[in-house]
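Let me begin by presenting the structure, written as structure tokens, before commenting on it.
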Amino acid sequence: MRLNLDVKVKYPTECHKMPGMSPRAWQSKAGRLGLKGTASERQGGQPMQMSDQKEIAADPATVYAALLTPEVLQACVPGAQEVAGTPEDGFEATVTQKVGPVKATFKGQVTLSDLIEKEKLTISGEGKGGAAGFAKGGAVVTLAPSETGTLLSYDVEAKVGGKLAQLGSRIIDGFAKKMADQFFANLQAHLAPEEESQDGEAPETGEEKKGWFSKVTGRG
């Protein structure tokens, strides 16, 4: 018995954007990595959204001032090596992080807008990590008085591209949540430290707090 089969296989048209990779090779690689969407969609970035609320044991004025202070941001952002600038001109930041198997140093710029003292601010930024890819997006942060101090709410919309986008939404979303939780834990510890830290170092003094607070607010 002789069996004739007429099989047609359609490969992604965007594979020509992968230098040196045939359509069949690209399809095989994409399948092994579990990549979703077209290559052009992944190049444009994988979207991410996140919203949450955190209780901070400090009044809104103090929390607001802290979010505008580069020294405080550098102390609170996980992996931050440098944060410099002003709320008016924006900040330049260098952050080293490992997302899944991808480790990179990101350098980027952050701008602040829609500033309402003690109530609200919008943070927009973009960072590039070389071959690892990029991340860009923004967050709307609102502050409200609460029984314990301040209820901080945030809504984040961002995109990641390059190797980071290939990791998939589960890893990216998990990493983003971990970063946010660590940031707010660090902020809480910075604004309302325990009597003595676990490593035996003395907590930040009132004078040290007064220094960065007065620098931003203009009040002593």
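Residue by residue, here is whether (1) in contact (Cβ under 8 Å) with a residue 40 or more places away in the chain; (2) crowded, with 18+ Cβ neighbours inside 10 Å; (3) within 15 Å of Leu112 (Cβ to Cβ) holds:
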| position | (1), (2), (3) |
| --- | --- |
| Thr122 | no, no, yes |
| Lys128 | no, no, no |
| Ser153 | yes, no, no |
| Gly168 | yes, no, no |
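Restricting to the range 91-106, name every residue that is loosely packed, with under 15 Cβ neighbours inside 10 Å and either touching a Ser or Thr at 6+ places or on another chain (Cβ under 8 Å) or outside the structural domain of Met179 (by TED's automatic domain parsing) (or both).
Once the filter is applied, which keeps residues that are loosely packed, with under 15 Cβ neighbours inside 10 Å and either touching a Ser or Thr at 6+ places or on another chain (Cβ under 8 Å) or outside the structural domain of Met179 (by TED's automatic domain parsing) (or both), the range 91-106 yields Thr96, Lys103.
So which strands (runs of 3 or more DSSP E) are wholly in the range 59-155 and hold at least 3 residues that are closer than 22 Å to Pro47 by Cα and not basic (Lys, Arg)?
So the answer is 90-99, 102-116, 120-128, 134-145.
Report, by residue number, each residue of the range 73-92 that is under 19 Å from Lys178 (Cα atoms) and of a type in the set (A, V, I, L, M, F, W, C).
Scanning the range 73-92 gives Leu73, Ala75, Cys76, Val77, Ala80.
For Met50, only one of the following conditions fails: (1) part of a helix (DSSP H, G or I); (2) modelled with pLDDT under 95. What is its number?
(1)
The values are calculated or read from the model by the stated rules, or taken from the named source; none is laboratory data. These numbers come from a predicted model, not from an experiment. Positions of Cβ are backbone-derived with ideal geometry, glycine not excepted, and every protein chain shown enters the neighbour counts.
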